[in-house]
1. If you average the alpha carbon positions of the range 560-609 and of the range 314-331, how far apart do those two centres end up, in angstrom?
2. Work out, in µm²/s and without decimals, the Stokes-Einstein translational diffusion coefficient of the range 536-597 at 10 °C, 1.306 mPa s, Rh from Kirkwood over C-alpha pairs.
3. Quick one: Cα centre-to-centre distance for the range 434-448 and the range 380-398, in angstrom?
4. Provide, for q = 0.11, 0.18, 0.19 Å⁻¹, the log10 of I(q)/I(0) from a solvent-free Debye sum over equal Cα point scatterers in the range 792-883.
5. Per residue of the range 765-774, in order, report the coupling 6.51 cos²θ - 1.76 cosθ + 1.60 (Karplus, θ = phi - 60°) as ³J(HN,Hα) in whole Hz, putting x for Gly and Pro.
6. Quick one: accessible surface of C169, probe radius 1.4 Å, all protein chains present, in square angstrom to the nearest 10.
7. Pairs K248/K354; K439/K543; K248/K680; K701/K805; K192/K835; K329/K680: which are spaced more than 30 Å apart, C-alpha to C-alpha?
8. Taking the dipole about the Cα centre of the range 507-618, with the C-beta of Lys and Arg at +1 and of Asp and Glu at -1, give me whichever of L557, F590, Y514 is farthest to the positive side.
Amino acid sequence: MDKSEDFIIVCVTARLLLHKLQNLRYYEPLVVVRMAMGRLKMISTRLRYTQKMDFVHEFSRGFLRELHDLEDFIDNLIGEIELQRRNDSPKIMSHLICLIPQLDRIGPICDKLDEITTSAERFIQLENLRSTTGTTSSLRPRNLHYPVPDDTDFVGLIDKVDEVVKLLCDGEMPNTIAVTGAPGSGKTFLTKTVYNATKVKRHFDGRAWVNFSEDFESRKFLIDILTQLTRDWEFLDENLSADELKSKLQKFSSEKRCLIVVDDVETLFKIFNRLFDLCGLSSEKIFLVLIVSEQDEELASLDEVKPYFSHIVRLRSLTDEESWTLFCKKAPIAVDTTRFNKNILTNCGGSPRKILIMGGLLSTVRQPSVIGLKIQEDILNFCYQVLSCQMKVCFLYFRLFPRAFEIPVRRLFHLWVAEGLFITLPDEENMAPEDLAEKCLKLLIRRNLIEVTKVRLDGSPKTCRMPTTIWNLFSTAAEVLGHSHDRNNDANKIYRYGQYDHHDPSDIRRLTNYAANGIDPQFYDHIQYLRSYVSFNTESSDKFLDALVTPRGFGLLVVLDLENVYKPAMLSETLGKLLHLKHLGLRRTFLDSLPRSVGNLPYLQTLDVKHTNMTTLPSSIWKAKNLQHLYLNENNFDMSFKKTYIGSDSEIILQTLSGLFIGNKNVVKSYLYSLRQLRKLKLTFYSKLVEGISFWISELKALRSLKLRSIDEFDRPATLELGSLETHHELLELYLVGPLTTSIESLCSPNLKVLTLSASKLGEDPMPILGKLRHLNCLRLFRNSYLGKDMTCRAGEFPQLRVLKLWMLENLEEWTVMEGTMPLLRELEIRLCRKLKLPENLPLTLKDVVLINMPDGFVECAERVLVNSFVKKITLPFAALPE
């Protein structure tokens with residue numbers, strides 16, 4: 001990475017300051033503030049078009065320091081004003097008046113902005129001149145969709161796939177395979193192809209894929225393996241020790257054949273004894289596959305390692321012909337000249353990773369052939385450099401997460417938005433920041449710089465990660481984000497934009513903690529200017545928040561994310577002093593309560609307490625006017641609400657309301673009716689409230705995801721009456737629990753992609769209506785959703801359906817599947833439909849068929865008929881079958 005990284009962060013910081021100055025304008029309508037806003041807006045709109053302004057770099061380093069000083073000043077000023085408003089204290093107002101003259105410091109900053117803006121204008125003119133001569137090409141991305149997984153992407157090494165499948169399924173137990181090769185050679189892709197092969201699925205009773213890190217924690221590692229082997233429904237006591245979990249794994253593997261894949265192994269020689277012992281290779285039914293980096297080149301020759309492996313599979317580089325075949329699959333182009341061909345092959349060097357990345361770039365820009373001819377540098381560097389400033393920062397943000405860490409897309413989007421990476425521009429004025437985040441991720445995925453690791457029912461990504469090869473390469477570049485890692489309590493390694501600095505505390509803007517025992521207390525002297533803290537491990541200190549608070553009585557932290565940290569001890573009433581906090585992520589922390597002061601955070605945008613032990617929230621949280629995303633744990637609104645909420649005519653900007661329980665009709669009218677901008681709603685309510693809720697939902701035209709559960713006083717599904725959803729054109733996902741009194745046709749939004757019905761008690765076959773939904777990707781009919789005996793899927797229906805699940809349809813006997821229906825169906829799951837007969841003409845596209853608690857005759861017939869599909873039989877205790 002070169003000096004342009006400083007300039008990238010200058011551009012993004014300038015845009016972020018513009019947003020903060022807009023906030024400041026509401027407090028103090030000073031002329032100097034408006035002047036700075038105008039100049040910041042000028043630079044933020046003009047500099048976003050370029051990343052190669054060599055004559056600007058001389059300003060970048062010092063200017064970035066001044067921008068950060070200005071950011072600190074603005075945040076402190078806003079904090080002082082907020083404290084004055086909160087306490088209405090004349091003393092604080094007097095102190096504030098003394099602070100305001102310091103706004104004159106904005107003047108010199110504005111002068112620097114003028115200098116850079118002038119340089120930007122010169123550069124843009126030069127670029128425009130070049131473009132008229134045809135020496136440069138447009139890099140504006142085309143309209144993008146998430147890529148559909150393609151099983152044929154693996155080119156040239158199919159013989160290796162067959163080799164590994166044969167070793168796994170025909171070899172003698174126990175077996176251990178190491179798959180090794182150069183970075184980007186396709187080790188993970190090869191192993192995933194093998195892992196999902198039908199023959200492998202049939203051979204093993206349980207499979208687990210786990211990622212590896214040098215300082216992995218044994219207990220978490222074993223829990224990850226066990227939950228996958230047991231398909232997530234075998235209960236694992238959270239208090240079990242590592243030894244107890246190991247015994248559990250050994251017991252399971254003594255009865256069933258197990259395949260465990262360990263990805264991302266880079267330090268094999270230091271840990272292989274511990275790893276092999278944990279996975280229980282003494283068992284005769286465990287097969288271990290390790291994906292090992294080529295840096296362990298002595299792997300095939302070291303005597304102490306070879307006894308642990310029955311086979312070592314080395315991946316080679318692709319030939320020129322194979323490289324070109326793979327490239328053309330990923331980037332169909334009109335120009336196929338010898339020069340273009342040779343240039344691509346030379347720069348990719350037979351690396352599948354580089355070929356996919358280059359193909360991703362050329363398939364998402366205009367005039368790709370011109371770009372291809374201009375490449376004279378490393379492919380990964382080039383594909384990074386052509387990203388916009390905003391895209392680069394979003395891309396580098398992945399480097400803040402641990403290597404190989406699977407990041408929930410939901411979490412990523414909220415962090416991006418809270419960090420201020422998406423300030424709406426004039427040509428994007430109708431797009432919410434979350435939409436801009438999705439647009440950014442789509443491009444990164446399309447360009448193969450980020451890979452999808454899990455997908456949702458509708459085919460969109462659920463989790464993603466930066467490939468290890470890329471993660472390692474961009475380590476230095478990510479330091480410009482002003483972050484530090486506390487991995488092994490190394491408090492002295494405080495990064496300052498690519499340099500080490502042991503003195504200036506304001507240089508640490510972001511801190512990520514990987515350490516098992518919480519952050520080192522030595523950091524406490526360096527974090528008063530901290531803006532973002534994300535933890536991935538146990539938090540043991542309750543003094544962390546206190547260290548964030550400045551002598552003025554408030555902190556500058558914007559992001560506090562403790563997702564998956566078990567019961568962090570750090571939360572206290574001090575939380576209410578973090579006046580700038582926008583994101584508070586506490587998912588899966590299993591906390592019992594929140595500090596009352598959380599309701600006093602004026603800028604809080606996201607609060608996530610899903611999968612915690614909280615039954616109530618501080619009542620003041622319902623007055624939070626800036627709250628946009630609220631994830632709850634079936635919290636009872638009535639208990640939190642009490643009588644403190646006073647209705648207002650102003651609309652609340654909440655977009656996500658998930659996991660709320662409503663039991664009082666007064667709440668519906670006094671609060672819910674004020675929510676008009678919801679995009680995601682997950683609600684449980686008493687059936688007596690259905691009329692008011694139905695009217696409210698009919699007005700929510702921006703809804704994209706709707707999940708409703710109507711119950712009676714005994715928590716049983718109760719009547720669910722809704723108005724028509726046919727005009728809800730944004731609605732993509734619908735999940736309804738309760739007997740429907742409305743026709744199924746009126747509930748079908750035209751763009752629906754995922755539909756789940758449970759306890760709907762439909763008397764007529766819904767398939768003729770549902771089959772007309774042209775975009776339906778996933779259909780799930782759960783217990784008692786349909787009470788009839790016959791069901792028919794006609795030719796031409798369900799053109800996009802990929803996933804179909806039929807659960808506990810006790811009366812269903814005949815399911816007619818006509819030829820030409822469901823042409824893309826890949827996954828079929830049938831659970832406890834005891835009277836059902838196997839239909840004829842099931843689509844040949846089926847890959848996976850899961851039969852749970854189905855009669856043996858049905859299973860045998862399915863295995864005989866569906867010879868090209870993987871048919872898995874599962875028998876579970878009735879109590880383990882969720883509805």
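1. With the range 560-609 and the range 314-331 each reduced to a Cα centre, they are spaced 49 Å.
2. Working: Rh = 11.9 Å.
So the translational diffusion coefficient is about 134 µm²/s.
3. If you average the Cα positions of each part, the centres end up 12 Å apart.
4. Log10 of I(q)/I(0), two decimals: -0.29, -0.80, -0.89.
5. 4, x, 4, x, 7, 5, x, 8, 6, 6
6. Per-residue accessible area (C169): approximately 20 Å².
7. Working: K248/K354 42 Å; K439/K543 39 Å; K248/K680 39 Å; K701/K805 28 Å; K192/K835 37 Å; K329/K680 37 Å.
From K248/K354; K439/K543; K248/K680; K701/K805; K192/K835; K329/K680, over 30 Å: K248/K354; K439/K543; K248/K680; K192/K835; K329/K680.
8. After comparing all options, I get L557.
The values are calculated or read from the model by the stated rules, or taken from the named source; none is laboratory data. Quantities reported herein were computed from a predicted structural model and do not represent experimental measurements. Cβ sites come from the backbone with ideal geometry, for glycine too, and all protein chains shown count toward neighbours. Surface areas here come from the heavy atoms of the whole protein model, side chains and all, with no ligands, DNA or RNA. Shrake-Rupley method; radii C 1.70, N 1.55, O 1.52, S 1.80 Å.
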